[in-house]
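Q: Structure in structure tokens, see below.
No value in this document is a laboratory result; all are computed from the given coordinates. Since the structure is predicted, the reported quantities are computational estimates derived from the model, not experimental observations. No Cβ is skipped: glycine too gets one built from the backbone with ideal geometry, and neighbour counts run over all protein chains shown.
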Amino acid sequence: MKVMIAGAGSVGTAIAEDLGAKGHDVVVLERDERLVEKLNKKTSARFVTCDACEVASLQQAGAGEVDVMVAATGDDEDNLVISLLAKQEFAVPRVIARVNNSKNQWLFNESWGVDISVSTPQQLTALVEEAVSVGSLVRLLQFEHGAAGLVEVTLAATSPAIGNSIAELNFPREATIVAAIRDGRLIVPRGDTVLLESDEVLVLVTEEAEARVTAVLIGDS
């Protein structure tokens, strides 16, 4: 797989090294020529001096031949521009963008060419909430243009789902339980799996079905 990463900061460099170690063809674009020279000597990844916000530079770097573009700079405006150019000018099949400021999350969507957005602040918030929240829905991941995501619910004693098998739950078609964690053990759910108090239930769900999932696992507010 050919991957192009815009931004040779700690995030972009780490992604490049991980993907390179797994055998993928990776190139990292960076404006700072000195940083490019330094990283080419220091790491096994391939770094190229390039302004990823310019069409001509992206074309010269081979953006039209990549399978995935990762906009991983520390600037949200740059990441949006890079994503839009990658999708509209070079028809890159998958564009992944880093969100530095969670307040800008709403911009990172299909209109800007973003297939998947990754917000570290939001992920950290979700992990904190997941650690302390019982009886509430916590969003862990969001993808597919924001239309679907992975959510987690730790079942409280008042959950209407307790004591019922998954097959007995009135779950919407647009949602599915993908895993449950009980006493530190991962449970791959089946139709006859019975949910218990304190189970951590992971659900893949569309945005429209979240309210119904909440009603089934938590109860009507």
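Q: Using 11 Å as the cut-off for backbone N distance, which residues of region 52-83 belong to the label zone defined by a point 7 Å from the Cα of residue 94 along Cα→Cβ?
A: Correct set: 67-70.
Q: Something else: Of all beta bridges DSSP finds with both residues in the chain, what is the antiparallel percent, to the nearest 5? Don't skip to the end; give the middle numbers.
A: Values: 23 of 44 bridges.
Of all bridge pairs located within the chain, approximately 50 percent are antiparallel.
Q: Here is a further query. With a cap of 14 neighbouring Cβ atoms within 10 Å, and only residues DSSP puts in a loop, list the trypsin sites (Lys or Arg not before Pro) found in region 162-191.
A: Values: sites: 173, 182, 185, 190; in loops: 173, 190.
The qualifying sites are 173, 190.
Q: Can you tell me the dipole magnitude for region 133-217 around its Cα centre, using point charges on the Cβ only (Lys, Arg +1; Asp, Glu -1), in Debye to the nearest 20?
A: 100
Q: Taking the Cα-to-Cβ direction at residue 183 and at residue 1 and moving 7 Å from each Cα, how far apart do the two end points lie in nm?
A: My value for the distance between the label points is 3.7 nm.
Q: Can you list the aspartates and glutamates whose alpha carbon sits under 14 Å from that of residue 22, skipping same-chain ones fewer than 8 residues off?
A: Partners found: none.
Q: Using a Gaussian network model of the chain with C-alpha springs under 10 Å, which one of 192, 25, 115 is most mobile by mean-square fluctuation?
A: Between 192, 25, 115, it is 192 that shows the largest mean-square fluctuation.
Q: Then there is this: Between residue 110 and residue 173, what FRET efficiency comes out of the Förster formula 1/(1 + (r/R0)^6) with R0 = 35 Å and r the beta carbon distance, rounded to 0.05?
A: On the way: r = 23 Å, r/R0 = 0.66.
In this case the efficiency is close to 0.95.
Q: Work out, step by step, the length gained on full extension between residue 51 and residue 147: first 0.36 nm times the residue separation, then minus their alpha carbon distance; give nm to one decimal.
A: Numbers: separation 96, 0.36 × 96 = 34.56 nm, distance 3.13 nm.
Additional length available on full extension: 31.4 nm.
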